[in-house]
1. Please go through segment 241-266 and pick out each residue that is outside any loop (DSSP other than H, G, I, E, B) and under 14 Å from the mean Cα position of the chain (by Cα).
2. So which of Asn316, Asn328, Asn308 ends up being of a type in the set (S, T, N, Q), touching a residue at least 60 places away in the same chain (Cβ under 8 Å) and more than 30 Å from Glu100 (Cβ to Cβ)?
3. Looking only at segment 135-149, decide whether some residue is within 12 Å of Ile210 (Cβ to Cβ) and part of a loop (DSSP other than H, G, I, E, B).
4. Among the numbered criteria (1) in a loop (DSSP other than H, G, I, E, B); (2) free of Cβ contacts under 8 Å to residues at least 24 places away in the same chain, which one does Ala174 miss?
5. Looking only at residues in segment 70-106 that are buried (at least 22 other Cβ atoms within 10 Å of the Cβ) and in contact with a Gly (Cβ under 9 Å, 6 or more places away or on another chain), which one is farthest from Ile168 (Cα to Cα)?
6. Can you confirm whether segment 177-186 contains a residue that is polar (S, T, N, Q), within 20 Å of Asn328 (Cα to Cα) and assigned to a loop (DSSP other than H, G, I, E, B)?
7. In segment 187-212, what residues are more than 23 Å from Gln262 (Cα to Cα), in a strand (DSSP E or B) and touching a residue at least 24 places away in the same chain (Cβ under 8 Å)?
8. Met131 - would you say it is assigned by TED's automatic domain parsing to the domain that holds Leu217 and in contact with a Pro (Cβ under 8 Å, 6 or more places away or on another chain)?
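The values are calculated or read from the model by the stated rules, or taken from the named source; none is laboratory data. Please read these numbers as outputs of a predicted model, since none were measured by experiment. Note: ideal-geometry Cβ built from the backbone for every residue, glycine included; neighbour counts use all protein chains shown.
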Amino acid sequence: MTKCCQLSKYLMHQWAIMKLLFLIKASKEMENITKEIGKSKGFQVIFENDNESWEDIEVVLTFVPALKNIGSYINRLPNLKFIQTLSAGVDLIDFSQIPENIMVCSNAGAFAKPVAEHAVAMAMALSKNLMANHSKMKNGVFDQSSHSMRLEGKLAGIIGYGGIGKDIGKLCKAIGMELAVISRSPVEEQGVKYSGSLDSLDRVLQESDILFVSIPLNTYTENLITSKELDKMKADAILVNVARADIINQKDLYEHLISYPQFKAGIDVWWKEPINAGKFETGFGFLDLPNVIGSPHNSAMVPEIENNAFLTALNNVELWMKGGVPKNRVQRKDY
């Protein structure tokens, strides 16, 4: 091939419209909006039900359930180079199905603010015994002398200081709490008493008045908190999990809540949910306990969050397409 032909082929590739396949169920309105946004960024958005060829698709943006069966799609995408998830977590992906040359990025941070608000709301409700006193009043008991926890001056431990963890930290600092942070890299900012890696977990467990779990589920964090870790926490501490259920041992947490009735837990994520098990099911009676507040993994669900998540994901694709370094590249070795 002559240099002229090579240059011509290169220029044609540079100016070709990149195709992006959405493996996501969306309303017709959302499909149209997404296609317009994609067009403005210089790529063509295709949905699974569109009558379009997949031969030259280079990017896939996906969510559950396609994430769980990504291999069946990859076999039909010979030119795939980049997978962008709509979700922040990627623990449902079987990375053995994805060739090493295909980059995978998560959507970490897209849902951070509402999840952080939800986590702190759970902690505040538990610290002020709101549900317990509400229940008493329904039964005619007006216990004005009941005490609650003062949060100002207390220590909030945050396991996982990414987008959600940082936003939790901002809210806790605004209340007047200090932070103890578990993070991949050192954190030096006002209000952070200390930070460390998972090697510092014991210290965070022992000293935290409220412990927030906002770390991704992976090889290193599965079953991270068992009875051994729970026993290191204060007897009247509050534990809030807005990450993934399997970071905490279900049986051990339930038994700890029974043994230490002053210990409280806010649980937004569950061990068996419709998204991973086909239905919601608890192996233990968490929701019957007075020291537990539960929610149906809906901490991110606020108006416009879907639009924000789509836009954040598309912006990351655009960054990669233009030769930049995309955010939230997944480290396969962690999974």
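1. Those that are outside any loop (DSSP other than H, G, I, E, B) and under 14 Å from the mean Cα position of the chain (by Cα): Asn241, Ala245, Asp246, Ile247.
2. Matching residue, one of Asn316, Asn328, Asn308: Asn308.
3. yes
4. Ala174 satisfies every listed condition except (1).
5. The qualifying residue farthest from Ile168 (Cα to Cα) is Ser106.
6. yes
7. Hits for segment 187-212 are Lys193, Ser195.
8. Values: assigned by TED's automatic domain parsing to the domain that holds Leu217: yes; in contact with a Pro (Cβ under 8 Å, 6 or more places away or on another chain): yes.
Yes: the conditions hold for Met131.
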